[in-house]
Amino acid sequence: MVRTPLTPEERERGERLGRLLREARGDRSMTSVAASAGISAETLRKIETGRAPTPAFFTVAALARALGLSMDELAGRCAPAGVLGVLGGLGGLGG
């Protein structure tokens, strides 16, 4: 199976997700957060650096749980700017 190349917007969204997760991790080690989420430290490293800009939903959910973040917060902070108004109308996801 050949994967369609990511758009610049998808790459940017992945970079925003990585920055948010890195901020939320704070002083905790990458190894301890990854273990709490049930993923490898290398997978977390790739997500945080944007090298894995489209991680699986359950990976993101596990990281959110390990870091004490809500999926709503992640969606709101990682969505493209034009989508925030739409998300805001869907139960406050936009901010």
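The values are calculated or read from the model by the stated rules, or taken from the named source; none is laboratory data. Remember, predicted model here, so these are calculated numbers, not experimental data. Methodologically, a virtual Cβ is constructed for each residue, glycine included, from the backbone with ideal geometry; neighbour enumeration extends over all protein chains shown. We work out accessible area using only protein heavy atoms, side chains counted, and drop any ligands, DNA or RNA first. Shrake-Rupley method; radii C 1.70, N 1.55, O 1.52, S 1.80 Å.
Points 7 angstrom from Cα along the Cβ direction at Thr59 and Ser40: gap in nanometres?
Between Thr59 and Ser40, the label points sit 1.1 nm apart.
If you take the square roots of the eigenvalues of the alpha-carbon gyration tensor of the stretch 1-58 and sort them as a ≥ b ≥ c, do you get rounded (a/c under 1.5), prolate (a/b over b/c) or oblate?
Oblate.
Per residue, how much accessible area does the stretch 1-76 have with a 1.4 Å probe, in Å²? List each step's numbers first, then the result.
On the way: 4660 Å² over 76 residues.
Result: 61 Å² of accessible area for each residue.
Efficiency by 1/(1 + (r/R0)^6): what FRET value for Arg3 and Met71, r their Cβ-Cβ distance, R0 = 22 Å, to the nearest 0.05?
Given R0 = 22 Å and the Cβ-Cβ separation, E is 0.35.
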